[in-house]
Amino acid sequence: MVRAVSAGEVAPSTQAWQVEATGLRVKAGSRLAVDGLDLMLAPGVHGLLGPNGAGKTTLMRALATVIKPKDGRLRLLGHDVRDRRSLRALRSRLGYLPQQFGFYPKFTVRDYVEYMAWLREVPAADVPAATQRAIDRVGLTDRAGSRLKSLSGGMLRRAGIAQAIVNEPDLLLLDEPTVGLDPEQRVEFRELLRDLGDASCVLVSTHLVEDVVAACSDVLLLDQGRLAFRGLPADLARAGASDGVGDSAAERGYSVLLRDHRSAA
Amino acid sequence: MTAHVPVAVLTAYATGELGADDAMAWPVEAHLETCAQCQDRLAGLIPAPVGEMLAETRTAILARARNGPKPARRRRLRRLTHRWAAWSVFPWALVTLMAVIAAFLLDAAFPVRSAVVLLLAPVAPLGGLAVAWSRRWDPAWETVAGTARAGLELLLRRTVVVLATVLPLLAAVGWRLGTNPALWLLPCLTFTAAALLLGGLIGVSRAAVLLGGAWVLAIVLPALVTVRMPVFVQTESLPGWAVTAVALIGLTILRAGDHRHLSK
Ligand SMILES: [Zn+2]
């Protein structure tokens, strides 16, 4: 099956920001989980930190075009997410690993990544090679033929990452990608992240401050649906040099910044 | 390909005299990329050590291609089933099968008064539609919902799968009972179109449940309780069904864009 590729799809992404959110409000059930967020993201690896219930997952879902924002402006890769005409083209350039990613247990890793490549409209002729490359990049080469239900938690997570990067997305959203990975795999994953961040905009939501410090070019701290802090990983360590709770300077810095934001509000 | 690379320039390139960083080398390389004739001439001009290195590399690549990991097999059929099947509809297909068989047995037992199969026909595909696009039943919903093919395309594929399951089933029992095929086909298509049309506004799962519930409560239950078959399953209502089916299918096609937006 050959698909016609329009000029718009192969044009280089010239927009300055991969993500442009202004006054963004997104509901999770009946609650406003993201409440008036302004956020601009350029290529690079951005770490999204915040306590449970801060709205991280809801923000990721809205950026993944899974749920519709209630209010505010949201442009992704230069397209308004409410524009029906450009939604399909926009979605083919997104990659998303949900926090709770369900799967069809009888699929093998290769079936699953191939299926997702097809759903993300990777040209039919490129699907096998793109699938193999994504599986190789997450280190699952020798498990490519295993059924998903036979994989350990860490391997499943890596299969999830493989499906998210199979179309080499311009905007990649990873919600808690390091859950279940052992320390060695986490180090490998951080390398992969830095590699991915060279060409595309990667947003990583995590509760592990150390992941952010090790692999991200900047840190976003979300609290109660708003941006509480944005800066460099080094700023976290600086804020926690002499104050706060946690095992490392960065973790202490995280607690200090969160506390300062809450007392200011 | 009018002018080939002159021998002197090609020799200089082969021996490395004309380096890769020399601007003069660029047109030579551009020409070599497409001209088989000059590639052959170049092969004759390269110094022996380079020739040996190339031969060794070639042998190594061929050996690796022969002994290395086998390429993954092409699995066309497997891929095709993955792309068409909606994995969550299998349990539903079983339930529908049992319901249709039960209805068939009832109709076969009381052939004069009963038309339970016909009462069931409109709602037979709705369960499948409700399940096929439901967050709760599709384990991969969250991952799939934000992809390019989600929305209209997957919905149509899944609808085709559901109809391909239901229609042969109804055709089989209808044929055994000797009923007019239009009596089950038209209501079945009408309700499918209605569910898709309404689904564009409120979600297909919700629309299917709503329409199915309304039909069962308003038509099926009273018919079963009073043991009187309603006009909707009699031949005189066929023109009405035909008009409704055509109108709803047309509207569904017109409003297909409704499935292209973000879910609420
Ligand atoms: Zn030539």
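The values are calculated or read from the model by the stated rules, or taken from the named source; none is laboratory data. Just so it is clear, the structure is predicted and the values come from calculations on it, not from any experiment. Here the Cβ is made from the backbone with ideal geometry for all residues, glycine too, and neighbour counts use every protein chain on show.
Here is a check on your reading of the model: is B:Ile61 of a type outside the set (Phe, Trp, Tyr) and outside the structural domain of B:Thr147 (by TED's automatic domain parsing)? Judged against the criteria, B:Ile61 is a match. Among the helices (runs of 4 or more DSSP H) confined to the stretch A:135-219, the ones with at least 2 residues that are of a type in the set (Asp, Glu) are located at A:183-199, A:209-215.
Exactly one residue out of A:Leu173, A:Leu232 is at pLDDT 90 or above, exposed (fewer than 15 other Cβ atoms within 10 Å of the Cβ) and either in contact with a strand residue (DSSP E or B) (Cβ under 9 Å, 6 or more places away or on another chain) or acidic (Asp, Glu) (or both): that is A:Leu232.
Yes/no per residue for (1) buried (at least 22 other Cβ atoms within 10 Å of the Cβ); (2) more than 30 Å from B:Trp133 (Cβ to Cβ):
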{"position": "A:Gly36", "(1), (2)": "no, yes"}
{"position": "A:Ala42", "(1), (2)": "no, yes"}
{"position": "A:Val45", "(1), (2)": "yes, yes"}
{"position": "A:Pro51", "(1), (2)": "no, yes"}
{"position": "A:Leu59", "(1), (2)": "yes, no"}
{"position": "A:Pro69", "(1), (2)": "yes, no"}
{"position": "A:Arg91", "(1), (2)": "yes, no"}
{"position": "A:Leu94", "(1), (2)": "yes, no"}
{"position": "A:Pro98", "(1), (2)": "yes, no"}
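Could you please let me know if B:Ala72 is within 16 Å of the ligand (Cβ to nearest atom) and over 29 Å from B:Ala164 (Cβ atoms)? Spelling it out, it is not the case that B:Ala72 is within 16 Å of the ligand (Cβ to nearest atom) and over 29 Å from B:Ala164 (Cβ atoms). The requirement of being within 14 Å of chain A (Cβ to nearest Cβ), surrounded by 12 or more Cβ atoms within 10 Å (Cβ to Cβ) and not in a helix (DSSP H, G or I) is fulfilled nowhere in the stretch B:231-250; no residue meets it. Taking every residue in the stretch B:3-14 that is closer than 8 Å to B:Leu45 by Cβ and pairing it with any residue that is among the hydroxyl-bearing types (Ser, Thr, Tyr), at least 6 positions away or on another chain, yields no pair with a Cβ-Cβ distance below 7 Å.
Does the stretch A:136-155 include one or more residues that are under 17 Å from B:Val144 (Cβ atoms) and over 17 Å from the mean Cα position of the chain (by Cα)? Taking every residue of the stretch A:136-155 in turn, at least one turns out to be under 17 Å from B:Val144 (Cβ atoms) and over 17 Å from the mean Cα position of the chain (by Cα). Filtered by the rule that a residue be closer than 19 Å to B:Cys35 by Cα and among the small types (Gly, Ala, Ser), the stretch B:1-25 gives B:Ala3, B:Ala8, B:Ala12, B:Ala14, B:Ala20, B:Ala25. Listed by position, the strands (runs of 3 or more DSSP E) inside the stretch A:36-128 whose residues that are more than 10 Å from chain B (Cβ to nearest Cβ) number at least 3 are A:44-49, A:71-76. Checking each residue of the stretch A:103-114 against the condition of being of a type in the set (Phe, Trp, Tyr), within 17 Å of the chain's Cα centre (by Cα) and crowded, with 21+ Cβ neighbours inside 10 Å gives no match. Counting only helices (runs of 4 or more DSSP H) that sit wholly inside the stretch B:49-165, those with at least 2 residues that are closer than 20 Å to B:Leu210 by Cα and more than 14 Å from every other protein chain (Cβ to nearest Cβ) are B:89-109, B:116-120, B:124-132. For B:Ala65, the conditions (1) at pLDDT 90 or above; (2) more than 11 Å from the ligand (Cβ to nearest atom) are fulfilled apart from (1).
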